[in-house]
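Worksheet: one structure, shown below.
The values are calculated or read from the model by the stated rules, or taken from the named source; none is laboratory data. All figures in this text were calculated on a predicted structure; none of them were measured in a lab. So basically every Cβ, Gly included, is an ideal-geometry build from the backbone, and we count neighbours across all protein chains shown.
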Ligand SMILES: [Zn+2]
């Protein structure tokens, strides 16, 4: 199939590359590997929407290319920030606009007041774990944005953009490498952080940075040997060992575990250390037969979903929190096994193979989502998730939040809450149609109209509720 669209130039590039399939590392490794780049190039040339996506990315990186290195260094935070939602207007409590290039003031789009970022944020009460200034929220946004830009610059360069793109990506990587090792590691157990907040914040910054490094690491003239060492050891290995590879057998699992494990595997690729990848995927010396309590991707595949395919965390929001990163981790395993089958044999790493039992788990989990989604494949999640499935879903979710104490969704999922509106939808079973029924208008009628998408009540089986400690820890900041 691949040869059908491969141009002669691409074929020559492939032939000039190290032998694919050898037991050696091939870079870029990870979610954006050589096959991904070839695929993106092909789509850019043949499909207008793909060219538009890349053009949009290119526009977004321009201000970062124009920034002087001195200014870039001055903008980079020097100590741990907190969480993005601290960037909230103290006057009206709406989100302030994030401007990556203004680290002094932010404007409220609602009441149009400007605030000095030194002001204390009213989004968290004094003494709360993430209490801080408006700057602490701005800087969290900044670190996320800066890392994403580094990744996109590196990607655009890998697709043919000029050397300056790679150089700016390298500047950002070097800055992180210089400043990370000296920062204290906050938190304990599986709740640790260096730059932002636990579970999601640090992880997303790291994922972008490791993707950027993989894409530019072999560009000539970008890094000295010492700079490679600093990025690999002082930034990536230190961050992963301190924050993400801290799970001990039987430790708590939460909805971000897939993402954390993916970060560990990707850093293993950057370090060319298969032990990190094995640890994350639960293979070889970390296989369930050897370490049955280790919360690896293999363990999650066997234990993270109920028999009906629902995430053990029960509500739709947490199902999606886990399912997206789960699919991404599966894709990563497939890509690793295709690019480096000698290091990552498909029989261990390719969970997309229908014969793999983990593929069946994923299929049930995806079916659980599609059964609840509307015909356009969007879903109104409830739990503590915003309108991230689609903007149109937000009012429905908001109606749910107003009508139900936060967290009660778990009881609903277990069938422990008697609510007349749930019965009114005329569906049987502990979960059937509950989110449709919770909305008094609009999509409430969808319970009947879209009933073919609802799960069969007969398929719902309870494995018993998780422990209270596990439930509590997966909440976001
Ligand atoms: Zn305001």
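Yes/no matrix, rows are residues, columns are (1) surrounded by 24 or more Cβ atoms within 10 Å (Cβ to Cβ); (2) in a loop (DSSP other than H, G, I, E, B):
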site	(1), (2)
227	no, no
267	yes, no
280	yes, no
293	no, yes
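May I ask you to verify whether residue 61 is closer than 30 Å to residue 184 by Cα, assigned to a helix (DSSP H, G or I) and away from the ligand (no atom under 16 Å from the Cβ)? Even if it seems obvious, please write down each step before you answer.
Working: closer than 30 Å to residue 184 by Cα: no; assigned to a helix (DSSP H, G or I): yes; away from the ligand (no atom under 16 Å from the Cβ): yes.
No, not satisfied.
Residue-wise test of (1) outside any helix (DSSP H, G or I); (2) at negative phi; (3) modelled with pLDDT of 95 or more; (4) surrounded by fewer than 22 Cβ atoms within 10 Å (Cβ to Cβ).
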residue	(1), (2), (3), (4)
125	yes, yes, no, yes
145	no, yes, yes, yes
166	no, yes, yes, no
173	no, yes, yes, no
202	no, yes, yes, no
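Failed condition for residue 246, given (1) over 16 Å from residue 259 (Cα atoms); (2) in a loop (DSSP other than H, G, I, E, B), with all others met?
(1)
(1) in contact with a strand residue (DSSP E or B) (Cβ under 8 Å, 6 or more places away or on another chain); (2) within 16 Å of the ligand (Cβ to nearest atom): which one isn't true of residue 118, the others all being true?
(2)
Would you call residue 52 in a helix (DSSP H, G or I), more than 16 Å from the ligand (Cβ to nearest atom) and more than 27 Å from residue 176 (Cβ to Cβ)?
yes
Looking at (1) in contact with a helix residue (DSSP H, G or I) (Cβ under 9 Å, 6 or more places away or on another chain); (2) part of a loop (DSSP other than H, G, I, E, B); (3) over 26 Å from residue 200 (Cα atoms); (4) within 16 Å of the ligand (Cβ to nearest atom), which is the one condition that is false for residue 26?
All conditions are met except number (4).
For residues in segment 84-95 being part of a loop (DSSP other than H, G, I, E, B) and closer than 24 Å to residue 129 by Cβ, which is nearest to the ligand (Cβ to nearest atom)?
Ranking the candidates gives 89 first.
Name the single residue, out of those in segment 96-115 being within 13 Å of the ligand (Cβ to nearest atom) and either modelled with pLDDT under 95 or part of a loop (DSSP other than H, G, I, E, B) (or both), that is farthest from residue 63 (Cα to Cα).
The residue in question is 111.
Can we say residue 228 is in contact with a strand residue (DSSP E or B) (Cβ under 7 Å, 6 or more places away or on another chain) and either at pLDDT 95 or above or at negative phi (or both)?
The answer is no for residue 228.
Which ones in segment 43-65 are closer than 28 Å to residue 102 by Cβ and in contact (Cβ under 8 Å) with a residue 24 or more places away in the chain? Quick ask: steps written out before the conclusion?
Let us first name the residues in segment 43-65 that are closer than 28 Å to residue 102 by Cβ, namely 53-65.
Selection gives 54, 57, 58, 60, 61, 63, 64, 65.
For segment 175-193, what are the residues that are touching a strand residue (DSSP E or B) at 6+ places or on another chain (Cβ under 8 Å) and surrounded by fewer than 22 Cβ atoms within 10 Å (Cβ to Cβ)?
Residues of segment 175-193 that are touching a strand residue (DSSP E or B) at 6+ places or on another chain (Cβ under 8 Å), as a first pass: 185-187, 192-193.
If the condition is that a residue be touching a strand residue (DSSP E or B) at 6+ places or on another chain (Cβ under 8 Å) and surrounded by fewer than 22 Cβ atoms within 10 Å (Cβ to Cβ), then 185, 186, 187, 192 are the ones that fit.
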